[in-house]
Amino acid sequence: MAADCRPGPVAVLGAGVMGTAIATTVLGSGLPVVLLDVGQAELDRAERTIETQLRHARMMDALPSGRTPGRLVTTTSLSALAGARAVVEAVVEHQATKVGVLVDAAGVIDADTPLISNTSGIPIDALADSLPRPQQLIGTHFMNPAYLIDLVEVIRGPRTDEATVTAVTELLAALNRRAVVVRDSPGFVTSRLLHPMLNDAARLVDEDVATAQDVDRLMVGCLGHRTGPLRTADLIGLDNLVDSLAALYERTGEQRYRPCEQLLAKVRDGDLGRKSGRGFHDYRETLS
């Protein structure tokens with residue numbers, strides 16, 4: 001059955017940066033969303049963020065024309081997942097946390113409902129090990145901001161069945177998103193290529209070769225990078241980047257993935273990027 005013909009909302013688990021952006025993408029395409037998190041304060045903050053992101057998406061002409069935004073329901077109850085057309089897990093990039101959320105969701109949803117883990121690098125088959133129906137699990141790697149970037153990396157695990165792949169690619173088409181399906185691997189394609197570059201850019205700052213501003217200026221002006229690697233790192237969240245690099249280093253043993261001291265120091269100091277107001281660049285005036 002085509003995903004855009006299935007009844008029910010798209011459920012999003014996790015009201016953080018990626019969860020709210022994915023919810024905005026779905027709502028902006030006219031589909032209903034159930035957004036679940038553990039606390040009402042997180043959900044209230046997410047509602048305000050989604051309203052802002054929908055306005056931003058309209059200003060950027062990033063929403064399908066002629067569609068009324070879908071209805072948003074927020075909840076702390078896992079039972080609200082019953083009847084969802086698809087479930088997108090978008091919690092923190094920690095394997096044990098993701099596994100716990102996915103196992104809980106699998107116990108509520110139907111056997112033919114796609115269970116999607118949004119991850120930047122954790123192998124899908126490692127997440128599937130604890131699930132009662134591993135063929136139901138597939139990965140997506142939405143880029144941030146998801147409501148503006150229309151290409152999505154889709155990761156098919158070795159046990160993901162064809163029906164799940166079809167349902168998820170059709171759902172993405174209904175969201176006006178293009179899917180590129182890749183095979184399961186630590187970091188997949190985008191993170192395997194991007195994250196060591198961001199690590200190296202931070203290392204250049206740590207070695208006092210150049211300032212963060214000059215690293216980004218050179219990469220934008222000379223090599224055509226859209227924002228520069230360190231503004232990209234700030235947008236990802238430096239804590240998220242460190243977690244992803246550490247996971248890649250653990251799984252591959254390659255030194256290029258070992259988080260450099262500059263990144264670790266910024267995370268220790270609470271300078272996490274745009275979401276905290278300061279990372280390699282200062283965003284406090286923008287956020288005020």
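The values are calculated or read from the model by the stated rules, or taken from the named source; none is laboratory data. All values reported here derive from a predicted model rather than from experimental measurement. Every residue, glycine among them, receives a Cβ derived from its backbone with ideal geometry; neighbour counts consider all protein chains shown. Heads up: the accessible areas ignore ligands, DNA and RNA and are worked out on the full protein's heavy atoms, side chains in. Shrake-Rupley method; radii C 1.70, N 1.55, O 1.52, S 1.80 Å.
Structure data summary
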| item | result |
| --- | --- |
| Most mobile of 132, 32, 123 in a GNM of the chain (Cα contacts under 10 Å) | 132 |
| Radius of gyration and maximum dimension Dmax of the range 145-253, Cα, Å | 16.6, 52 |
| DSSP-assigned coil residues among trypsin sites (Lys or Arg not before Pro) in the range 2-88, each with at most 13 further Cβ atoms within 10 Å | 67, 71 |
| Whole-number percent relative contact order across the range 4-44, with pairs defined as alpha carbons under 8 Å at least 6 apart | 45 |
| The range 229-288: GluC sites (Glu not before Pro) falling in loop per DSSP and having at most 13 other Cβ within 10 Å | 254 |
| Helix-only CD estimate at 222 nm, as mean residue ellipticity for the chain, using -39500 (n - 2.57) per DSSP H run (n ≥ 4) | -13500 deg cm²/dmol |
| R0 of 30 Å, Cβ-Cβ distance residue 79-residue 173: FRET efficiency to nearest 0.05 | 0.55 |
| Distance between modelled label sites at residue 189 and residue 55, nm, 7 Å Cα→Cβ extension | 3.7 |
| Estimated vicinal HN-Hα couplings, Hz - the range 56-73 in sequence order (Karplus 6.51, -1.76, 1.60; Gly, Pro = x) | 4, 4, 5, 4, 8, 6, 9, 9, x, 5, x, 10, 7, x, x, 8, 9, 10 |
| The range 117-161 - percent relative contact order, Cα under 8 Å, separation 6 or more | 42 |
| Most mobile listed residue (88, 181, 33) in the chain, GNM with C-alpha springs under 10 Å | 181 |
| Karplus (6.51, -1.76, 1.60) ³J(HN,Hα), θ = phi - 60°, over the range 12-28, in Hz, Gly and Pro reported as x | 10, 9, x, 9, x, 4, 6, x, 5, 5, 5, 4, 4, 4, 5, 4, x |
| Cut-off under 5 Å, modelled amide H: who pairs with residue 278 long-range | 272, 273, 283 |
| Residue-span extension gain [residue 130 to residue 97] - 0.36 nm each, minus C-alpha spacing | 10.7 nm |
| Accessible area of residue 65 in the full protein assembly, 1.4 Å probe (Å², nearest 10) | 110 |
| GNM flexibility winner over the chain from 234, 125, 216 (Cα, springs under 10 Å) | 216 |
| The chain, relative contact order in percent, only Cα pairs under 8 angstrom and at least six apart counted | 15 |
